[in-house]
1. For segment 119-168: of the residues being hydroxyl-bearing (Ser, Thr, Tyr) and within 26 Å of residue 24 (Cα to Cα), which is nearest to the chain's Cα centre (by Cα)?
2. Hand me the list of helices (runs of 4 or more DSSP H) wholly inside segment 80-187 holding 1 or more residues that are at pLDDT below 90 and of a type outside the set (Val, Ile, Thr).
3. Filter segment 188-203 down to the residues that are free of Cβ contacts under 8 Å to residues at least 60 places away in the same chain and not in a loop (DSSP other than H, G, I, E, B), then identify the one that is surrounded by the most Cβ atoms within 10 Å (Cβ to Cβ).
4. Among (1) closer than 22 Å to residue 91 by Cβ; (2) within 20 Å of the chain's Cα centre (by Cα), there is one condition residue 177 misses while meeting the rest; what is its number?
Amino acid sequence: MAKNIQSLERAAAMLRLLAGGERRLGLSDIASSLGLAKGTAHGILRTLQAEGFVEQDAASGRYQLGAELLRLGNSYLDVHELRARALVWTDDLARSSGESVHLGVLHQQGVLIVHHVFRPDDSRQVLEVGAMQPLHSTALGKVLSAYDPVAHSEVLEVELKSFTDRTVTGLQDFESLLDMTRSRGWAADVEETWEGVASVAAPIHDRRRMPVGAVAITGAVERVCDGGELRSELVAAVRDCARAVSRDLGAGRF
């Protein structure tokens, strides 16, 4: 059996690290997280930077994913039927809600963001296509875990990590959340993953009526919630968008 090339494994691990959690990481953080010497980590980062897969912020010196990686990823995403069918509907959802919209699918025990529509204002925003989100705390992840048996199996295999004091980490409580998600048809994340951020998501089904992804509105708690609860009009809008994409995928009426 051919041996794996260690330098490529380390580069792949580095890209995965930059794709999740913090958007930008320093050299020390990267080296420590991957158990590498700083010199080794720096050499790999310089190579990835030269190829355009990693960029370094001039002010802070921190690293983030580069445009070339996004370009390569988009060559796959452009032919992804789910994304193609959802483009118009997610644009409409962002415009009507005034908030960011994310489209996510199950990938490697997490949620892969395959499409991101910016909040329609002049604020500075970071494109999150290709980012990974946790299954157990995000609205997208809960929807996938509730409706997709594979996602449900995978979320039970990972640690239910606490991100804020609102994150549900007990298995019994988490299963109750999934039951509630299935009964009402949508999932919420109110400061369970990020402080000050709330989200609502609904499932998307294909022609076989199988769950193939989820769509979510994400924004500041003070805009997305009213009196501590998600605004009902946003919940309805997300569900309408998910139904529309599902119909376009051949699922019929839900």
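The values are calculated or read from the model by the stated rules, or taken from the named source; none is laboratory data. Owing to the predicted nature of the structure, the values given are computational and were not obtained by experimental measurement. Cβ sites come from the backbone with ideal geometry, for glycine too, and all protein chains shown count toward neighbours.
1. Only one residue fits best here, namely 138.
2. It comes to 81-97, 149-155.
3. Residue satisfying both the conditions and the ranking: 202.
4. With (1) closer than 22 Å to residue 91 by Cβ; (2) within 20 Å of the chain's Cα centre (by Cα) applied to residue 177, the lone miss is (1).
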